[in-house]
1. Ordered by packing density, taken as the mean number of other Cβ atoms within 10 Å over each peptide's residues, highest first, how do 79-88, 129-138 rank?
2. Rounded if a/c is under 1.5, else prolate if a/b beats b/c, else oblate: with a ≥ b ≥ c from the C-alpha gyration tensor eigenvalues square-rooted, which is region 41-143?
3. Can you tell me how much longer the chain between LEU180 and ASN63 gets when fully stretched, taken as 0.36 nm per residue apart minus their C-alpha distance, in nm with one decimal?
4. Between THR273 and THR45, how many nm apart are label points set 7 Å from Cα along the C-beta direction?
5. Enumerate by residue number the trypsin sites (Lys or Arg not before Pro) in region 91-133 meeting two conditions: DSSP loop (anything except H, G, I, E, B), and at most 16 other Cβ atoms within 10 Å of the site's Cβ.
6. If packing is taken as the average number of other Cβ atoms within 10 Å across a peptide's residues, how do 146-152, 199-205 rank, most packed first?
7. How much length, in nm to one decimal, is gained on full extension between ASP292 and SER135, taken as 0.36 nm per residue of separation minus their Cα-Cα distance?
8. So the label point goes 7 Å from the Cα of ASP116 along Cα→C-beta, right? Which residues of region 44-85 then have their backbone N under 13 Å from it?
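Values in this text are rule-based calculations from the coordinates and carry no lab data. Computed from a prediction, not measured in an experiment: that's the story for all the values here. Quick reminder, even Gly has a Cβ in these numbers, built from the backbone with ideal geometry, and neighbours come from all protein chains shown.
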Amino acid sequence: MMSQRLNRREFIKSALLGAGALAVAPSLVGGAEAPASFKGTDIVTLGRTGIKAARLAQGTGYNGYNRSSEHTRRGKPAFDKLVHHAIDQGINLMDMADLYGSHSFVKEVIQGLPRDRFVLSTKLWPSKENWNTPSGGAVEEVDRYRKELGVEMIDICLIHCMQKAAWPETYEKIRDELSLLKQKGVIRATGVSCHDLGALQVAAAHPWVDVIYARINHKGGAEYFMDGTAEQVAEVLKLARKNGKAVVGMKIFGAGKLVKPEERDASLKYVLTNQLVDAITVGMLDTQQVDDTLERMRQVKAA
C-alpha cells in the first residue's frame with residue numbers, strides 16, 4: 001500500500017514521548033527564534049510542504065453543516081464582498097470544506113485571477129450523512145471539488161474532523177487515494193483536521209501527515225472548543241511543528257466565545273508568540289472583522 005503504516009500503539013507512544021521531551025526543550029520549535037512580525041499578511045512557509053501562504057486564512061465555515069455555513073447562507077454578494085476585501089488586504093489562503101458548501105462561492109471570486117495568487121485548502125468529510133454519501137476513497141471527491149472550484153490543482157486536502165486516535169486505519173483508503181493524487185500533482189499536501197486530543201497526538205507523529213488543522217486558544221477546555229487544556233494541546237502542536245508538520249490553528253477565538261477585545265488579544269498573543277502554529281484560520285464574516293483581526297495580529301509582539 002502507498003500509506004506508511006505504524007501500529008496505532010506506536011503512534012500514540014511516539015506522540016506522547018515526543019511531547020514530553022519538548023516540555024523541557026530550551027526552545028519551542030527546534031531552536032528557531034520567534035518571528036519579529038506576526039502580521040496576518042506575512043507570507044510564511046507551511047511546514048515542509050513548500051507551500052507559501054499568508055499567516056491569516058479566510059475561513060468560510062462559521063457554523064458549517066450540511067454543505068452550508070453562515071458565510072454561504074448570507075448569499076453570494078456578501079460572500080464576494082468579504083473575500084474580495086480579504087484578498088485586497090493580502091490574505092491569500094482560503095479555508096474551505098465540502099461540509100461548508102463554499103467551493104462554488106470561492107470559484108466566483110477567484111475566477112479569472114492568476115491561480116498562483118491563492119492557496120486553496122479544503123476538507124473531505126469521510127462519513128455517511130444525510131447530505132453526504134462517501135465513495136470510501138478520495139479520487140471521486142477531489143475531482144468534484146476541482147470542478148466546483150474551477151481549478152486543476154488543490155493545494156491542501158484534509159480528512160475532516162478526526163475524533164479518534166485510530167483514524168489512520170479507519171480511513172486508510174482515503175489516505176491511499178490522497179497520496180495517489182499528491183503523486184499526480186492534483187493536490188500538493190495532505191493531512192487532517194482534528195477535534196480530539198488522541199487524534200491530534202497521532203497526527204503530530206504520523207509520517208503521512210503534511211498539514212494539521214488544530215483547535216487552539218489560550219483558554220482551553222471544551223467550553224472554548226478545545227481538545228484539552230491549552231497546555232496539553234500546545235505541547236502536541238510543538239511536537240507536530242518539530243516533526244515538520246504544518247499547523248494551522250483554528251478556534252483561536254473559541255468559535256465566537258472569546259469576544260472581548262482583551263480576550264482576542266490574549267489568545268492571539270498566546271498562540272503566535274509561543275510559535276504553536278504556522279498560520280491561523282478565522283471565520284471572519286464581514287470586512288470589519290477582517291480589518292480588526294489584521295490589526296490585532298499587527299499589534300502582537302514577540303516576548
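1. My ranking of the peptides, most packed first, is 79-88, 129-138.
2. Details: a/c = 2.01, a/b = 1.30, b/c = 1.55.
The shape class here is oblate.
3. Working: separation 117, 0.36 × 117 = 42.12 nm, distance 3.18 nm.
Taking 0.36 nm per residue and subtracting the Cα distance, the gain is 38.9 nm.
4. Between THR273 and THR45, the label points sit 2.7 nm apart.
5. Qualifying residues, ordered by number: LYS128.
6. Output ranking for 146-152, 199-205: 199-205, 146-152.
7. Result: 52.4 nm gained on full extension.
8. 52
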